[in-house]
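One structure is given here, and the rest of the page talks about it.
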Amino acid sequence: MRPSRHICPVCGRIAAPRLNFSEFTVAACPGCHHEFTTDLKPGLGEAYDPQYFRKAHANWFANPDIGLFDELAGVIARHAGKEASVIDVGCGNGAFLNHLRQNDFSNLTGLDIFPQDLPEPIRYLQTPIEDYSGEETFDAVISLANIEHLADPRDAMIRLARLLAPKGLLAVYTVANESLLYRAAKVLADAGVTFAARRLYDPHHLNHFSVSSLARTAATAGLVPVRTTRRDIPQNAVDLPASPLRPLVGLAVSAISAASKAMGGQMLQLALFTNVAGSGI
């Protein structure tokens, strides 16, 4: 049987298997350093239903990153004022939009795939971004911890770019696979200790971006980079496994997080883009 041919979904180069599990493979691109899940057995992708919020990732949704929300609110306000039209793509339970609402933003839209009851004046569109065909555009398009779940990152970025008004702002918050936590997980996996890699590369995340692969994905959609900063997940938002090792795992995550911050190698990246060069964001 011939081995699978792994093609990078960002730059199209042939990628090599980096981690091999019985249920899936993680391939790594030698060009843009993107990593992605491939050869996934049927039925192993995460089900996106109400339990995704209430159980599987309860800590993440119960403990939003208010520091991140404040940073984004400031960026949007400086760019287009609090009257800016804002859409949060993959808005989940609406935590970020509610934060904007509480800080006097008034033109707010959320988009996601299950029913949500968001308070006025937030408008809600229930549809996958892949199926959205509206022609409305927005001053700010926000994608928080969303694009890594989508199988085709270039198509996802093109769809996000189409939502931008002229001189609009796109903010994408996603993983950074060069981070200390990712590197440590891969070193441990190479030594036969696969627990951390299985957690990080669980196939609910299909794409694991490097800073360069995210920028390259945006460039294919005609977007211009503004800046990228690195961030870590708040410790109380980490979804740890329910096992006797939970306290030990929590301590290890805290130690790696502190080291990552000191070295500038945090697990997540916040990238800002625009569709017009020199737009002054």
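Where a number appears in this text, it was derived from the coordinates with a stated rule and is not lab data. Predicted model only: the values in this text are computed from it and were never measured. Neighbour counts are summed over all protein chains in view; Cβ atoms, including those assigned to glycine, are modelled from backbone coordinates with ideal geometry.
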Q: Please report, largest first and rounded to whole Å, the three semi-axes of the ellipsoid equivalent to the stretch 70-209, where each semi-axis is the square root of five times an eigenvalue of the C-alpha gyration tensor.
A: 31, 16, 15
(Q) Give me the net charge for the shell around GLY222: Cβ to Cβ below 14 angstrom, other residues only, Lys and Arg +1, Asp and Glu -1. (A) +4
Q: Multiply the residue gap between ALA277 and ARG13 by 0.36 nm, knock off their C-alpha separation, and tell me the result in nm, one decimal place.
A: 92.2 nm
Q) Along the Cα-to-Cβ line of ASN103, 7 Å from the Cα, sits a label point; which residues in the stretch 132-172 have backbone N less than 18 Å from it? A) 139-145, 169-172
Q | Pairwise label distance in nanometres, ASP70 with ASP131, each label 7 Å out on the Cα-Cβ vector | A | 3.9
Q: List, in order, the whole-Hz ³J(HN,Hα) value for each residue of the stretch 219-230 obtained from phi through the Karplus relation with A = 6.51, B = -1.76, C = 1.60 and θ = phi - 60°; use x for Gly and Pro.
A: 5, 5, 9, x, 9, 10, x, 9, 6, 10, 10, 10
Q) So for the pair HIS204, ILE113, with labels modelled 7 Å out along Cα→Cβ, what separation do we get in nm? A) 1.2
(Q) On a straight-distance basis, which aspartates and glutamates could pair with LYS167 in a cross-link, Cα separation under 17 angstrom, same-chain partners fewer than 8 positions away excluded? (A) GLU83, GLU135, GLU136, ASP139
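How would you rank 213-220, 129-136, highest first, on the average number of other Cβ atoms within 10 Å across their residues?
Details: 213-220: 22.0, 129-136: 11.4.
Per-residue Cβ counts within 10 Å, averaged per peptide and sorted highest first, yield 213-220, 129-136.
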Q.
Starting from the 7 Å offset along Cα-to-Cβ, what nm value, one decimal, do you get for the label separation of THR220 and LEU188?
A. 3.2
Q. Just for the Cα atoms in the stretch 109-165, what are the lengths along the principal axes, largest first, rounded to whole Å?
A. 33, 24, 19
